[in-house]
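Step one of this worksheet: look at the structure below.
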Amino acid sequence: MDLDAFDHESHMRDALDCAREATARGDDPFGSVLVKDDEVVMTAGNRIETENDLRAHPELTLAKRAAAERDDADELVMYTSTEPCPMCAGGIDIAGLRAVVYSVSGERAAAIHGTEPLLSSTEVFDMGRSDVRVIPDVLKAEGEKLHDAHR
């Protein structure tokens with residue numbers, strides 16, 4: 001798989017659209033898509049508030065589905081509006097996804113919302129069992145606008 005040949009901006013726009021949909025229904029602005037061979041195969045938006053479930057992060061939802069429903073998790077790339085939190089990064093690592101591409105770092109999102117940053121996903125992946133590749137800052141300004149609007 002040549003990850004560098006993927007259309008990162010197009011897939012990130014899809015993830016950002018999922019984040020907008022989450023916000024429109026009353027959840028925080030987080031959205032993700034899973035991609036195989038440069039084609040979207042699954043999408044999810046944040047549902048923590050609307051499902052009253054602190055595990056309903058889109059990244060964890062997709063990692064769980066990839067592990068349960070597919071036998072090609074190591075060929076999947078997650079595009080996500082914001083860097084995965086430690087819980088989600090752990091799920092991504094355990095599911096064995098190939099890579100994560102994000103728009104806004106967890107550190108930047110925390111700064112926008114006036115909270116303390118969590119452990120970075122890269123640090124979690126470095127402690128884990130797999131070799132998840134991370135590509136940061138794709139459409140960063142557009143992702144930051146979602147967080148700015150949701151303060």
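The values are calculated or read from the model by the stated rules, or taken from the named source; none is laboratory data. What you see is a predicted model, and the numbers here were worked out from it, not measured in a lab. So basically every Cβ, Gly included, is an ideal-geometry build from the backbone, and we count neighbours across all protein chains shown. Quick note on the areas: whole protein, heavy atoms, side chains included, nothing else; ligands and nucleic acids left out. Shrake-Rupley method; radii C 1.70, N 1.55, O 1.52, S 1.80 Å.
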Discussion item. Using only Cα atoms and rounding to the nearest 10 degrees, what angle (0 to 90) does helix 86-95 make with the longest principal axis of the chain?
Written reply: 20
Worksheet item: Hey, got the dipole for the range 3-149? About the Cα centre, +1 on K and R Cβ, -1 on D and E Cβ, debye to the nearest 20?
Response: 280
Worksheet item: So for V100, V134, what's the accessible-area order with a 1.4 Å probe, most first?
Response: V134, V100
Discussion item. Full-extension gain between N52 and D148, please, as 0.36 nm times their residue separation minus the C-alpha to C-alpha distance.
Written reply: 32.2 nm
Practice prompt. Work out the charge dipole of the chain with +1 on the Cβ of Lys and Arg and -1 on the Cβ of Asp and Glu about the Cα centre, then indicate which of G45, A141, A5 is farthest towards its positive end.
Written response: G45
Worksheet item: Considering only the chain, what is the antiparallel percent among its DSSP beta bridges, to the nearest 5?
Response: 55
Item to complete: Could you rank L3, L60 by how accessible they are, 1.4 Å probe, largest area first?
Response: L60, L3
Discussion item. For Cα pairs less than 8 Å apart in space and 6+ apart in sequence, what is the mean separation divided by the residue count of the range 3-149, i.e. the relative contact order in percent?
Written reply: 21
Discussion item. Solvent-accessible area of Y102, probe 1.4 Å, all protein chains present, reported in Å² to the nearest ten, please.
Written reply: 20
Discussion item. Restricting to DSSP H runs of at least four residues, report the calculated mean residue ellipticity at 222 nm for the chain, -39500 (n - 2.57) per run over all residues, nearest 500 deg cm²/dmol.
Written reply: -12500 deg cm²/dmol
Practice prompt. At a 1.4 Å probe radius, which order do L97, L119 fall into by accessible area, largest first?
Written response: L119, L97
Item to complete: Sort out for me the Cα centre separation of the range 81-151 from the range 1-71, rounded to whole Å.
Response: 12
Worksheet, complete the sentence: In Å², rounded to a whole number, the accessible area per residue of the range 7-151 with probe 1.4 Å is 49
Worksheet entry | Two-site label geometry, S130 and E107: point separation in nm, points 7 Å out along Cα→Cβ | 2.5
Item to complete: For the chain, give the percent of accessible area contributed by carbon and sulfur heavy atoms, probe 1.4 Å, rounded to a whole number.
Response: 45
Worksheet item: Where a ≥ b ≥ c are the square roots of the eigenvalues of the C-alpha gyration tensor, would you call the chain rounded, which needs a/c under 1.5, or, failing that, prolate if a/b is larger than b/c, or oblate?
Response: rounded
